[in-house]
1. Residues to consider are 148, 166, 138; find the one that is closer than 29 Å to residue 122 by Cβ, within 15 Å of the ligand (Cβ to nearest atom) and touching a Pro at 6+ places or on another chain (Cβ under 6 Å).
2. Being free of Cβ contacts under 8 Å to residues at least 60 places away in the same chain, outside any helix (DSSP H, G or I) and farther than 25 Å from residue 97 by Cβ: is that true of residue 181 here?
3. Six or more apart or on different chains, Cβ atoms under 8 Å: show the pairs whose first residue is in segment 152-173 and over 17 Å from residue 116 (Cβ atoms) and whose second is more than 9 Å from the ligand (Cβ to nearest atom) and hydroxyl-bearing (Ser, Thr, Tyr).
4. Within segment 184-219, count every residue that is part of a helix (DSSP H, G or I) and either farther than 29 Å from residue 130 by Cβ or open to solvent by less than 80 Å² (accessible area, probe 1.4 Å) (or both).
5. Could you tell me whether any residue of segment 168-178 is touching a Cys at 6+ places or on another chain (Cβ under 8 Å), open to solvent by less than 100 Å² (accessible area, probe 1.4 Å) and of a type in the set (A, V, I, L, M, F, W, C)?
6. Among the candidates 184, 168, 180, single out the residue that is at pLDDT 95 or above, under 24 Å from residue 11 (Cα atoms) and under 17 Å from the mean Cα position of the chain (by Cα).
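The values are calculated or read from the model by the stated rules, or taken from the named source; none is laboratory data. Here the structure is a predicted model, which means the values were calculated and not measured. Here the Cβ positions follow ideal geometry from the backbone for every residue, glycine too, while neighbour counts run over all protein chains shown. These area figures cover heavy atoms from the full protein model, side chains too; ligands, DNA and RNA do not enter into them. Shrake-Rupley method; radii C 1.70, N 1.55, O 1.52, S 1.80 Å.
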Amino acid sequence: MKFFIDTANLKEIQEAYELGVLDGVTTNPSLMAKEGIKGKNNIFKHYANICEIVKDGDVSAEVIATTYEEMIKEGEELADLHENIVVKVPMIKDGIRAIKYFYDKDIRTNCTLVFSAGQALLAAKAGASYVSPFVGRLDDVSTDGLQLIEQIVDIYSNYDFDTEVLAASVRHPMHLIKCAELGADVVTCPLSVITSLLNHPLTDSGLAKFLSDYKKSQE
Ligand code: G3P
């Protein structure tokens, strides 16, 4: 299972990389805006900086365009930035056409804003490298986001699709653990969700006891 972090914050990406379990980064226009990155040149420079930090990991960079022709142009520019860029394309009709175009050109894609099994099936048919169902945002509208992950993993397993299931909008450790149980290929989440996997009170009390026993034995 791959761990991606969902952020455009360079400090957080560096920290995740140093932890040694980072496989990639996903961003979106909201996350770029949160970091105050403005203007196409600065945004492109920021993607290149992220790629340098992540080294071999995939970095999803989202197109702003929403028409086929513009998505092709923007996606090709993004893909030219670095070999690890994965072009993130929204789940709309022109997006599906663009994903097929990119597939034929060997440009990898991440189909985003996926909220149904039918959309995930279309993305796989078009040749998306990753499909991003949004778990937390479905939960936000009283729909079981994890059930969608289960359904997509199940459907993909019936066929030879190369598309990887990238569980997005993963907000807490139970989301992550459940995605692992269901066989999602990738999760993307804030770094805090990954580091929260470290926590257990018995680990803390056990370590404290080991250290105090060691100290006593040396007196
Ligand atoms: O990048 C897409 C997704 O991971 C966003 O998550 O928490 O804003 O729903 P969230």
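1. Values: 166 fails: touching a Pro at 6+ places or on another chain (Cβ under 6 Å); 138 fails: touching a Pro at 6+ places or on another chain (Cβ under 6 Å).
From the options 148, 166, 138, the qualifying one is 148.
2. Numbers: free of Cβ contacts under 8 Å to residues at least 60 places away in the same chain: yes; outside any helix (DSSP H, G or I): no; farther than 25 Å from residue 97 by Cβ: yes.
In short, no.
3. That search, which allows pairs on different chains as well, returns 162/129; 164/129; 164/130; 172/196; 173/196.
4. Quick first cut of segment 184-219, residues part of a helix (DSSP H, G or I) only: 191-198, 201-217.
Retained after the next criterion (residues that are either farther than 29 Å from residue 130 by Cβ or open to solvent by less than 80 Å² (accessible area, probe 1.4 Å) (or both)): 191-197, 201-217.
The total comes to 24.
5. Looking only at segment 168-178, we keep the residues that are touching a Cys at 6+ places or on another chain (Cβ under 8 Å), and these are 170-171, 175-176.
Add one more test, that the residue is open to solvent by less than 100 Å² (accessible area, probe 1.4 Å), and what stays is 170, 175-176.
Narrowing the set further to residues that are of a type in the set (A, V, I, L, M, F, W, C) leaves 170, 176.
Checking segment 168-178: at least one residue is touching a Cys at 6+ places or on another chain (Cβ under 8 Å), open to solvent by less than 100 Å² (accessible area, probe 1.4 Å) and of a type in the set (A, V, I, L, M, F, W, C).
6. Numbers: 184 fails: under 24 Å from residue 11 (Cα atoms); 180 fails: under 24 Å from residue 11 (Cα atoms).
Every option except 168 fails the conditions.
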